Amino acid sequence: MVEVRLFATLRQGREKSYQFEDGQAPDGAAILETLGIRQDEVKIFLINGHHSDLSAPIEEGDVISVFPAVGGG
């Protein structure tokens, strides 16, 4: 099982987290496509708390955290 956690504006119209069975999420790009998130919406992509590339392979037991660019004033 792979857990994907979404943060901030990426949660709008979506759940806070999703679970994927082994093989359903071969890499970050596939996860984003499945969840309907454009790659340009993602600023930070973490695998098990470490910055990662969307093309990095996802393995059983990984926890993925996805953050958008956050604006502020």
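Listed here are the residues, each with its yes/no results for (1) part of a loop (DSSP other than H, G, I, E, B); (2) in contact with a Ser or Thr (Cβ under 6 Å, 6 or more places away or on another chain); (3) modelled with pLDDT of 95 or more.
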| position | (1), (2), (3) |
| --- | --- |
| V4 | no, no, yes |
| L10 | no, no, yes |
| E15 | yes, no, yes |
| Y18 | no, no, yes |
| G23 | yes, no, no |
| A29 | no, no, yes |
| E33 | no, no, yes |
| I37 | yes, no, yes |
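Condition check for I58 on (1) in contact (Cβ under 8 Å) with a residue 40 or more places away in the chain; (2) over 13 Å from V2 (Cα atoms): one failure, at (2).
Let's see how each residue does on (1) under 11 Å from S65 (Cα atoms); (2) aliphatic (A, V, I, L, M); (3) open to solvent by 60 Å² or more (accessible area, probe 1.4 Å); (4) within 9 Å of the chain's Cα centre (by Cα):
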site	(1), (2), (3), (4)
R5	yes, no, yes, yes
L32	no, yes, no, yes
G36	no, no, no, no
Q39	no, no, yes, no
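I need the full set of residues from region 57-71 which are of a type in the set (D, E) and surrounded by fewer than 17 Cβ atoms within 10 Å (Cβ to Cβ), in order please. Answer for region 57-71, where residues must be of a type in the set (D, E) and surrounded by fewer than 17 Cβ atoms within 10 Å (Cβ to Cβ): E59, E60.
Here region 7-28 is the region considered, the condition is being out of contact with any strand residue (DSSP E or B) (no Cβ under 7 Å at 6 or more places or on another chain) and under 17 Å from A69 (Cα atoms), and the residue that is least open to solvent (accessible area, probe 1.4 Å) is R11.
The values are calculated or read from the model by the stated rules, or taken from the named source; none is laboratory data. Keep in mind the model is a prediction, meaning the values are calculated, not measured. Reconstructed Cβ throughout: ideal geometry from the backbone, glycine too, with neighbour counts over all protein chains shown. To get the accessible areas, we keep the full protein, side chains included, count just its heavy atoms, and leave off ligands, DNA and RNA. Shrake-Rupley method; radii C 1.70, N 1.55, O 1.52, S 1.80 Å.
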